[in-house]
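Participant: Handing you this structure, nothing more for now.
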Amino acid sequence: SYFTALSAFLIQQPEIDTVVGNDNTPLFPAYDNSISYKITSEDNPLLDESFGAHSPNVTEAAIKYYEPTLLQGEWPRRRGEYLGINQEIAVNEIFVRHMGWKEAIGQRVIALRDGDPNAKGSYIVVGVFKDIRNLSPTTKAIPWIITYIDPEVRNIAGILLKYKPSTWPVVQQKVLELYKKNEWGKPYMESFDEVYDKMLKSEKNLQKLLSI
């Protein structure tokens, strides 16, 4: 795929430090496959509460890229069967509090996607990680579920990279030239700074109003 050629090109550029072929999209809600789960704990079948969960599928390389803080256990390394049967997951602190667990590791949960009884998945918690604030400061943090995806069995859908300070315009120009040369169409590119600027737009507008 052209992602392979693009990765090989990027890793040779002096402005770039890290290149990760990602099977999913960046860990931002705007790109995420978030699902409204109805979570039921296997040891507490009376718990039946629907809530939204940020649920990215990530590779081991993506975990190293983002460097989230693991508090207990380990990161998922095994993908379950179809629909997440016996699938390993890591959850964040808010998820643990929401479930009312004193000890999260080893807990088994059942998730119904959008309440569909035919889309039932069973999961086992193998890790707990520190809450990640990838939203605007005024947005309430939400529960997270991280699942593992083997890059060998899932097509690459995007590329994550870390670039040296102040070099993003140069990187963008080089990528545009490469796409034009190979007739790949128009690339979609966005830096984390640009994403955060969008998230903070309402807060900045409010700050301007309050300073008038």
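Participant: Would you pull out the residues with amide H under 5 Å of residue 101's amide H, same chain only if 5 or more places away, H placed 1.01 Å from N?
Facilitator: none
Participant: A follow-up question, please. Which order do peptides 187-195, 54-62, 160-168 fall in by mean Cβ count within 10 Å, highest first?
Facilitator: 54-62, 160-168, 187-195
Participant: Each residue of the stretch 173-183 in order: what ³J(HN,Hα) in whole Hz does its phi give by Karplus 6.51 cos²θ - 1.76 cosθ + 1.60, θ = phi - 60°, with x for Gly and Pro?
Facilitator: 5, 5, 5, 4, 5, 5, 5, 5, 4, 9, 6
Participant: How long is the gain from residue 170 to residue 77 if the chain were fully straight, where each residue apart is worth 0.36 nm and the alpha carbon distance is subtracted?
Facilitator: Result: 29.9 nm gained on full extension.
Quick note: the coordinates plus some simple rules give every number you see, no bench work behind them. Owing to the predicted nature of the structure, the values given are computational and were not obtained by experimental measurement. Because the Cβ atoms are built from the backbone with ideal geometry, glycine has one as well, and the counts that use them run over all protein chains shown.
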